[in-house]
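Here's the structure, in structure tokens; my notes come after.
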Amino acid sequence: MSATAAGMLFIASLVLAMVLVHRPFGDYMYRVHTSVRHNVAERVVYRLLGVRADVEQSWGVYARSLLAFSVLSILVVYGIQRLQDKLPLSLGRPPVTDHVAWNTAISFVTNTNWQAYSGESTMGHLTQMAALAVQNFVSAAVGMAVAIALVRGFARRRSGTLGNFWVDLVRSSVRILLPIAFVGALVLVAGGLIQNFSGVHEITTLTGGTQSITGGPVASQEAIKELGTNGGGFYNANSAHPFENATAWTNWLEIFLILVIPFALPRTFGRMVGQVRQGYAIVAVMGIIALASVLLTNAFELGGDATVPRAVGAAAEGKEVRFGVPDSATFAAATTLTSTGATGSAHDSYTPFGGLMTMFNMMLGEVAPGGVGSGLYGMLILAVITVFVAGLMVGRTPEYLGKKIGPREIKLASSYFLVTPALVLTGTAFAMGSAEQRASMLNGGAHGLSEVLYAFTSASNNNGSAFAGLTVNTPWYDVATGLCMVFGRFLPIILVLALAGSLAAQSPVPEGAGTLPTYRPQFVGMVIGVTIILVALTFLPALALGPIAEGLS
Amino acid sequence: MDAMPGWVRQHLAALRAVVVLTVLLGLIYPLVVTGIAQVLFHGRANGSMVEGGHGSALIGQLFTGADGRPVRKYFQSRPSAAGHGYDPTASGASNLGPEDVVDVLPVPGARDEKGNPDKGRQSLLTRVCARSKAIGELEGVSGARPYCTPDGVGAVLKVFPDRAVSVNQGCPAVPFVAVYQGVRVVCARPGADYAAGRTVPVRGGAGAPAVPADAVTASGSGLDPHISVAYADLQAPRVARERGLALDRVRALIDEHTTGRALGFMGEPAVNVLELNLALDRS
Amino acid sequence: MSSPATGRVGGGLLDPGQLVRSLPDALKKLNPATLWRNPVMLIVEVGAVFTTVLAVLDPSFFAWAIVVWLWLTVVFANLAEAVAEGRGKAQAATLRAAKRDTTARRLKSPTATAEEDVVPAPELRPGDYVIVEAGEVIPGDGDVVEGIASVDESAITGESAPVIRESGGDRSAVTGGTKVLSDRIIVRITQKPGESFIDRMIALVEGANRQKTPNEIALNILLAALTIIFLIATVTMQPLAIYSKLVNPGVPDSPALNADGVTGVVLVSLLVCLIPTTIGALLSAIGIAGMDRLVQRNVLAMSGRAVEAAGDVSTLLLDKTGTITLGNREAAAFVPVDGVAEQQLAEAAQLASLADATPEGRSIVVYAKQAYGLRERQPGELAHAEWVPFTAQTRMSGVNLDGRQVRKGAATAVMKWVRDAGGHPTDEVGHLVDGISASGGTPLVVAEQGRVLGVIHLKDVVKAGMRERFDEMRRMGIRTVMITGDNPLTAKAIADEAGVDDFLAEATPEDKLALIRKEQEGGRLVAMTGDGTNDAPALAQSDVGVAMNTGTSAAKEAGNMVDLDSNPTKLIEIVEIGKQLLITRGALTTFSIANDIAKYFAIIPAMFAAVYPGLDALNVMRLTSPQSAILSAVIFNAVVIVALIPLALRGVRYRPSSASKLLSRNLYLYGLGGIIVPFIGIKLIDLLVQFLPGIG
């Protein structure tokens, strides 16, 4: 079988797997988030937390709880990093420097997992599992909670509340993420991922050289890193590292874990709003964009259209032999289409247009299918904007799922889709305007610009992957990307919750022949068009001077 | 509790939540996974170490001697960007871009601020060309590649109105081509600024290269334990010769240590270099 | 007024002269204090000022050409608004003529004999009484409290036939500025000074203190957000451009790009081309024109919000009489009992109805003539006849002629009369009566001397074309509910015949109000028409309440629209105008955004192909030079505004159909069209401007 054919089968098998789990898993998450009963473990947790699980929260209280939890998470993650030398399992490593610790704390709490550090030489085991991996769970749970709150906003009528943040957080963590991560971790160990607490041990190689191999609880972190669309690698090489991604089939499994929640949540959404076809429309938008992107990335990488790949004969630089070019490209597309940011190959060495795809995927706003929760709420915001324009074109005040899209809703939705482009472009402009910051670029010319653009795109969209040639563990980049991550995560969340509050308070307009049907292919096509055109229009000038200039040279 | 203002209660709940979830997800979860993994998959959970303790089957190694030259009786791994090569404490890729084609030539006699001699900067293209040439020589095949000069650097011109400079070929090297579109091609003077010229990589006449792609490129992790079957086949005659083994025997061992595509379509067939070399040592 | 049968809202054509006439107004609107209401165009103006300064400092033909076209862009946008307002002004002038300064004969008390003083009309306060006699102009809006008069309302309705206004009942409202033609009335003034109907109408059509509607506000927010994004995209491009120039030191400076980055003129051009200027320029014109289209149909909307709500209406309450059916029931058949000839029944029915002046009675006489050839006889013809006229108490009419006693009337009344005369109506009569009732008709029994001859079948006659109209409504997703005082059986029959979705029978004003509340409870928007004082609560409750101009002041105050023609069918047109208004906005927004794609393909290679020659591949239009590409894009951007003014004023074509079909059509037309048209337009402009000095 040719590499191309195998690569297509790889993609097809992932599509099939998504199709198979979409319904049962989406339904499961629906039951988790609509169940009125708390299981024993949860009741214990609520008592420990001192929260009344049955008290519903308004959007303001929900948002304040979420922010309080996130701020304290940042402090705790920062604290553990700074004190790691005094804690067990530090492997003798010194405290993480202040700006890196700050950047990393924000990075993991915001579900970005941008890494300004090298895992194997910076972090102790306790820091990895008790600070970073915990955030892999809860930051994903926060994203899911926000998405569920927004869906409740659509589903509820004349309600002042959106649910209880603590319940959504705990249930997402305990009933959804934990069991899958647990099983996933064990399967990954079976594939060769390590899971131990040993430190660094030195071995003598066959030819008499030495190698220092670092152990650690890798599989348990790897599973949730992918499942929670986090992406922060235990090792610097991330999912290219054989201990993080040992075989071609663990590669498949990791991509599956990356995609499974974001692609199943639309089903949960459809169930919660009582119209599964609305969920199918949303998942169709995500799926079509994602599939197109995966295929294009594969095509560009297999085509290898740039000087070095042409000299090499393939776009093999930065890719592992066991994965091959096409599966590496598929991983790259999956990790950037979701807000994961784990990397199975070096994006920086991709062909110009292959690299463009990874950037474009993130610029879509991480919606196809996006991060855990964040993908769904991001896509629903785009649907709201589409409904607004389309709704006007059918001669009615636009409404989505029976909720009117009026000035307040549009104000919140427009602000949402203003935030990330503003952060990406402003950050990039500041970096590119300073010779000192440009010095961080590894590559020159248009590709150097791409490195910086990629960094701010990744940070602002909470992806976390990088054109890793850029040296980012400098105070300036740590602060700048940290600000992008924190604003890129929490401003949209606040806007989404406010929107949810505003929608929940409305009483729905009944559907009729004059209502724009938001479940037909027509609407799916329109959301795709709006998404791609808005992104293209916003980022085309920057992309033209980066990857496009490089690719057309 | 109830006497406290709401926002204090909320922060208290938040703090408790961080603590409780840290214990559950940050301690209990990894400990339980470790416990089960150590029992069920002891070897794998501890890094798939090979017999004899010569490393992990999953972590590639350098098979070079103290002088940094390939040990000829061993199959060689791919180039690596991890530290000085296959350093697991510095995993990672070269991160060089696909159009990284122009070298910065070392200026003879110049030193950096630390007093080390100026080494210049090799472009990815030149690295590829140099590796190809070296491997070609090692294996006794042609190391020629498109966009490479015969002397193993990137065949790249900086074109000016009145001349062209073969920018990766430091003088007194002979430019790989004498005339480009009617203008004379000259060698590059180290330290000269050719930025104003138009960059033109020249493909040249090389056909399909004899040295496979993975042999001239660094992996993403820098720890790639595998090479392609093609690269193993290329090395087989040399190893057989060095060890006095029949080529068929070596080829059989390659087959034995080739992992095919999982389920027939996942990934690429790959040869585990360390295990292959260990098997050779054993046989 | 357009004919309702076409089901399409037409619009006035744009007179080119109007563009010229509106030019001074358009220039006046360049004042930033005026323009700040339109942030998109304000940014264009700021850009125009900025480039003017740049062009003065570093003059070139290219820079000045851009400057001129940027200014023209703003002027064109203002022109669109000015033209829309200009049409209103013409109407306002006509109205003002009606509002000549009149004097009023104010009465101390509401009797004709009361003391009166003469005051200028503007001094009248609500509650004042005035007396108006033939030939005088009514000094202000109010209700007739005494007398009856024919009034010429042509000044506001354009209808030359005089109308009757009388005290009490539903025709008591009079409008200031209209003229009493005969008789004398006493009017209680209901308006505050300066807020008369005509004042409001003038304000409306002139577009003065026009309030933005919710959808317009929402759209403005979206456009502002897009503008901010493009502003950021343009501004942040500069360091990237500087860097790109820096790393390609061999590239000479161009008019678009030098070491300081993209030149100011080009940067502003890019920004102006990207921000949604097309819809930004036309948005307020669309709103004004929407109101204007209503006014052209003699409908006054008290707020733009009401017009917009009309597009959203999902339930339409329609009065049966006058809207769905012709005014009155008509005789449709004579059904004799056994043993009586039809002809005999017809003759008796005709005789009994001669003294019945009600429309039903007249229709019996007419039907007898048409169907049975019975000559119509005048009551005076039959000298010995003793006429029994129809009264509400007896509920029958008839005649005693040469010993014959003939009666016709409501079944119960006539049967009683028969029994009183010693007759015994058979069961057959009861069956006939019930049968007609069941079919939705009204049975009138005809009897002679204690014997029932048969039954007259009276039927409501549904107006022609109503069923099609309602089918159309259904396709638009609008539910029609017929309101009638009839009993449920009758109501159902008519509802079925007319094709309405539902009906409310034996409706009282309270029922009507309850129905509206119920519909609104379910999230539906309700529109209705009404004229009587007892309609006022329902009119006030409904989202779109159209009061008939003939109605009472209370009704007119309660509704949010007034139909000067008092034509209840017009509600349907109002809904269509509301929809058309929203569609026009949506379509032009889509068009505006879709245009950006082509502009990028023009401007990005123009800016950067010098440093990265590969980017010339994006120059798919093969534009002559960077300067011509940028100038062509800017010119296209300006010209498209003017080109779309007629569309903005007329509104996009609207055919009632399902949302899905509408969307497809508009997407193809304005989405796909919006992508393709600028490619062609910019290329054509490029073919022309390349011949200008310093451009080609």
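The values are calculated or read from the model by the stated rules, or taken from the named source; none is laboratory data. All figures in this text were calculated on a predicted structure; none of them were measured in a lab. Quick reminder, even Gly has a Cβ in these numbers, built from the backbone with ideal geometry, and neighbours come from all protein chains shown. SASA here: full protein model, heavy atoms, side chains in, ligands and nucleic acids out. Shrake-Rupley method; radii C 1.70, N 1.55, O 1.52, S 1.80 Å.
Summary of values
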read-out	value
Where B:Thr217 falls short, out of the listed (1) more than 22 Å from A:Leu552 (Cβ to Cβ); (2) of a type in the set (Val, Ile, Thr); (3) assigned to a strand (DSSP E or B)	(3)
Within the stretch C:604-630, considering residues that are assigned to a loop (DSSP other than H, G, I, E, B) and not polar (S, T, N, Q), the one nearest to the other protein chains (Cβ to nearest Cβ)	C:Tyr612
Single condition A:Leu537 does not satisfy, out of (1) surrounded by fewer than 19 Cβ atoms within 10 Å (Cβ to Cβ); (2) facing chain C (nearest Cβ under 7 Å)	(1)
Flag for B:Val211 being open to solvent by less than 20 Å² (accessible area, probe 1.4 Å), outside any loop (DSSP other than H, G, I, E, B) and closer than 24 Å to B:Thr126 by Cβ	no
Residue within the stretch C:358-379 that is aromatic (Phe, Trp, Tyr), in the same structural domain as C:Gln344 (by the TED database), open to solvent by 20 Å² or more (accessible area, probe 1.4 Å) and more than 46 Å from the chain's Cα centre (by Cα) present	no
Any pair with Cβ under 8 angstrom, 6 or more apart, that starts in the stretch A:117-139 at a residue that is outside any helix (DSSP H, G or I) and ends at one that is small (Gly, Ala, Ser)	A:Ser118/B:Ala90; A:Ser118/B:Ser91; A:Ser118/B:Gly92; A:Gly124/A:Ser90
Any hit, the stretch B:175-197, residues being outside any loop (DSSP other than H, G, I, E, B), within 14 Å of chain A (Cβ to nearest Cβ), buried (at least 19 other Cβ atoms within 10 Å of the Cβ) and modelled with pLDDT of 95 or more	no
Residues of the stretch B:121-139 that turn out to be modelled with pLDDT under 95 and either more than 14 Å from chain A (Cβ to nearest Cβ) or within 21 Å of B:Ala208 (Cβ to Cβ) (or both), as a count	0
Among the candidates C:Thr589, C:Thr569, residue that is among the polar types (S, T, N, Q), within 26 Å of the chain's Cα centre (by Cα) and within 14 Å of chain A (Cβ to nearest Cβ)	C:Thr589
Some residue of the stretch A:452-460 being open to solvent by less than 10 Å² (accessible area, probe 1.4 Å) and aromatic (Phe, Trp, Tyr)	yes
Filter result for A:Met272 (out of contact with any Pro (no Cβ under 8 Å at 6 or more places or on another chain), away from chain B (no Cβ under 14 Å), modelled with pLDDT of 95 or more and more than 30 Å from B:Pro225 (Cβ to Cβ))	yes
Residues within the stretch A:206-222 that are open to solvent by 10 Å² or more (accessible area, probe 1.4 Å), among the hydroxyl-bearing types (Ser, Thr, Tyr) and at the interface with chain B (Cβ under 7 Å from one of its Cβ atoms), tallied	2
Residue within the stretch A:348-355 that is assigned to a loop (DSSP other than H, G, I, E, B), touching a helix residue (DSSP H, G or I) at 6+ places or on another chain (Cβ under 9 Å) and of a type outside the set (A, V, I, L, M) present	yes
Residues of the stretch C:34-53 satisfying the condition of being more than 19 Å from C:Asn637 (Cα to Cα) and either open to solvent by 70 Å² or more (accessible area, probe 1.4 Å) or over 33 Å from the mean Cα position of the chain (by Cα) (or both)	C:Trp36, C:Arg37, C:Val53
Per-region count, the stretch A:378-401, residues more than 7 Å from every other protein chain (Cβ to nearest Cβ) and open to solvent by 10 Å² or more (accessible area, probe 1.4 Å)	3
Hits in the stretch C:537-569 - residues which are small (Gly, Ala, Ser) and farther than 26 Å from C:Lys463 by Cβ	C:Ala540, C:Ser553, C:Ala554, C:Ala558
Test set (1) closer than 27 Å to C:Ala301 by Cβ; (2) within 14 Å of chain A (Cβ to nearest Cβ) - C:Phe601 fails condition number	(1)
Selection status of A:Phe256, touching a residue at least 24 places away in the same chain (Cβ under 8 Å), more than 15 Å from A:Ala133 (Cα to Cα) and surrounded by fewer than 24 Cβ atoms within 10 Å (Cβ to Cβ)	yes
Index of the failed condition, C:Ile324 passing every other in (1) of a type outside the set (Lys, Arg); (2) open to solvent by less than 30 Å² (accessible area, probe 1.4 Å); (3) touching a Lys or Arg at 6+ places or on another chain (Cβ under 7 Å); (4) at pLDDT 85 or above	(4)
Sole exception among (1) in a helix (DSSP H, G or I); (2) open to solvent by 10 Å² or more (accessible area, probe 1.4 Å); (3) touching a residue at least 12 places away in the same chain (Cβ under 8 Å); (4) not polar (S, T, N, Q) for C:Val56, by number	(3)
Checklist (1) more than 35 Å from the chain's Cα centre (by Cα); (2) at pLDDT 95 or above; (3) facing chain A (nearest Cβ under 7 Å) applied to B:Leu58, failing item	(1)
Only one of B:Gly35, B:Gly68 that is within 30 Å of A:Leu188 (Cα to Cα) and either more than 8 Å from chain A (Cβ to nearest Cβ) or assigned to a helix (DSSP H, G or I) (or both)	B:Gly35
Residue list for the stretch B:246-267, restricted to those being open to solvent by less than 50 Å² (accessible area, probe 1.4 Å) and either touching a residue at least 12 places away in the same chain (Cβ under 8 Å) or not in a helix (DSSP H, G or I) (or both)	B:Val250, B:Leu253, B:Ile254, B:His257, B:Thr258, B:Gly260, B:Arg261, B:Ala262, B:Gly264, B:Phe265, B:Met266, B:Gly267
Scope the stretch C:503-524; condition in contact (Cβ under 8 Å) with a residue 12 or more places away in the chain and either part of a helix (DSSP H, G or I) or surrounded by fewer than 21 Cβ atoms within 10 Å (Cβ to Cβ) (or both); matching residues	C:Leu504, C:Ala505, C:Glu506, C:Pro509, C:Lys512, C:Leu513, C:Leu515, C:Ile516, C:Arg517, C:Glu519, C:Gln520, C:Arg524
Scan of the stretch B:142-157 for residues that are assigned to a strand (DSSP E or B) and open to solvent by 20 Å² or more (accessible area, probe 1.4 Å), ordered by number	B:Cys148
Within the stretch A:24-82, considering residues that are in a helix (DSSP H, G or I) and polar (S, T, N, Q), the one most open to solvent (accessible area, probe 1.4 Å)	A:Thr34
Helices (runs of 4 or more DSSP H) wholly inside the stretch C:192-311 containing at least 3 residues that are of a type in the set (Gly, Ala, Ser) and at negative phi	C:214-246, C:277-296
Unique match (being surrounded by fewer than 22 Cβ atoms within 10 Å (Cβ to Cβ) and under 20 Å from the mean Cα position of the chain (by Cα)) among A:Gly274, A:Gly287	A:Gly287
